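Where a number appears in this text, it was derived from the coordinates with a stated rule and is not lab data. Keep in mind it's a predicted model, so treat the numbers as computed, not measured. FYI the Cβ positions are ideal-geometry reconstructions off the backbone, even for glycines, and counts take in every protein chain you see.
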Amino acid sequence: MSKLPAFLFYFLLTISISLSSHPLDPLTPAEFTAVQTAVRAHYSSSHTSIAFHYIGLKDPPKSAVLSHLHHPSAVPPPRRAFIIARVNHSTTHELTVDLTGNNKISDQVYTGPGYPIFTTKEQLAASALAVGHPPFLESVRKRGLKLGEIVCQSYGIGWFGEQGKGSRIVKVMCNYLDGTVNLYMRPVEGITVTVDLDRMEIIGYRDRAIVPVPKADGTDFRGSKQRPPFGPSVNDIDVVQPNGPSFQIDGHRIRWANWDFHLGFDMRAGPIISLASIFDVQKQKFRRVLYRGFVSELFVPYMDLTEEWYYRTYFDAGEYGYGSYASSLLPGADCPANAVFMEAYFPDEDGNPQQLPNAFCIFERYAGDIMWRHTETATPEVVSFFLIGNFWWVY
Ligand SMILES: *[C@@H]1O[C@H](CO)[C@@H](O)[C@H](O)[C@H]1NC(C)=O
């Protein structure tokens, strides 16, 4: 036991040299605004329409990041933003903006396969088009449904070997509330609304078959609607830390016990863990175990051949974005009383930074009871316990 306090002391000493900013920090609100200004100035014609589909940190070269961390006084790695913009509703541009004061910009038209991530604004507009489309209103009437209880969302249409570059097309699919919030349990089947996102107009409508909407009974997932309720919630158990948490948060850098890592955020990838290191007690130094880690994609093909289902082949990160679809964590529901929260920022379609409060919460969770107790008959007064601890963050 005597080794532990000495180690912690050493650890605290090494970390008191803190860096206020880090080359892998996500873009700040001021940086998003700088990007917006630089890109708008770049397309000097006021008639140019610009939709920002992605703005994030352009990964600095790994060698530059590592050498900067070893020699903090040396020149920091270049800080640049990477932007995917749809210009004049017709071409996709990939831009970089230098954020170190000169706002130098590079711009390239992207002609490869695929399309940029959907913006929230265009998805809402596509749904609104569908719900206001007279043939759709007729389909709703025929099914005896209430229009106000219908919720629509737009979905990518996948790729099934078509040649040539098509338009940016989505299909709008609708579900029904009316007695539940579990809308996916109540699909309004048989209808296909096809929308061209660049022209923002309906280019196809088909009502193929009327399928009854499943009943709402017993589908609601909210605890308050379920009987009997679940057992204790996170609210009912408090971890008390009279001396505060034993982790330290310095900007985006988090240190806990023998771990040290950087927690970033990106509108596409969501959480990004970088430079995770563990203190190697034998070598008396930190050993890096992960340079940069995030979920790169989640592909969800539904594999149902029905006309209204076959195209459902979602790329959750690349089409929607884990970051832009993140929602704020609720204190007391998602995170316990001893949690510390961290906000995040991502841009809207116009390039304005949006704050997402409580994007992360960091807390220590008691996850260990005594594993064993040791004593010796020769030294009965010396008793040792072995505990296991745990550390989690919730995203
Ligand atoms: C976008 O369209 C407008 C109006 O047609 C034109 O003036 C402008 O030059 C175009 N911008 C780009 C970047 O192509």
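For trypsin sites (Lys or Arg not before Pro), the sites in region 161-206 that DSSP calls loop and that have at most 11 other Cβ atoms within 10 Å are LYS165. Determine the sum of side-chain charges near GLN354: Lys and Arg each +1, Asp and Glu each -1, restricted to other residues whose C-beta is under 15 angstrom from that of GLN354. Its environment carries a net charge of -4.
Averaging Cα coordinates gives a centre for region 77-126 and one for region 285-356; these two points are 19 Å apart. The angle between the Cα long axis of helix 120-131 and the longest principal axis of the Cα atoms of the chain comes to about 40 degrees, rounded to the nearest 10. Placing unit charges on each Cβ (+1 for Lys and Arg, -1 for Asp and Glu) gives the chain a dipole about its Cα centre, and among SER154, TRP256, PHE221 the Cα reaching farthest toward its positive end belongs to TRP256. Count the net charge of all other residues whose Cβ sits under 13 Å from the Cβ of CYS174, scoring Lys and Arg as +1 and Asp and Glu as -1. Net charge around CYS174: -1. Sparse packing (at most 16 other Cβ atoms within 10 Å of the Cβ) combined with a DSSP loop state is found for the following trypsin sites (Lys or Arg not before Pro) in region 73-139: LYS104. Excluding same-chain neighbours fewer than eight residues apart, the lysines reachable from LYS142 by a Cα-Cα span under 25 Å are LYS171, LYS215.
In loop segments of region 133-202 as defined by DSSP, the GluC sites (Glu not before Pro) with at most 12 further C-beta atoms inside 10 Å of their C-beta are GLU162.
Distance between the C-alpha centres of region 24-41 and region 266-283: 25 Å, rounded to the whole angstrom. Taking 19 Å as the straight-line reach from the Cα of LYS62, the aspartates and glutamates in range (excluding those fewer than 8 positions away in the same chain) are ASP25, ASP98, ASP260, ASP266. Over region 126-280, Cα pairs under 8 Å with separation of 6+ residues give a relative contact order of 14 percent. Each label was represented as a point 7 Å from its Cα along the Cα-to-Cβ direction; for THR48 and GLN355 these points are 3.1 nm apart. Net charge in the neighbourhood of VAL193 (other residues with Cβ under 9 Å of its Cβ; Lys, Arg +1, Asp, Glu -1) is +2.
Listed by chain and number, the lysines whose C-alpha is less than 20 Å from the C-alpha of LYS104, apart from same-chain residues fewer than 8 away, are LYS58. Where only DSSP H runs of four or more residues are counted, the chain gives -4500 deg cm²/dmol as its mean residue ellipticity at 222 nm, each run worth -39500 (n - 2.57). Scanning residues 5 or more positions from TYR314 or on other chains, those with amide H under 5 Å from its amide H are VAL300, TYR302, with H placed 1.01 Å from N in the peptide plane.
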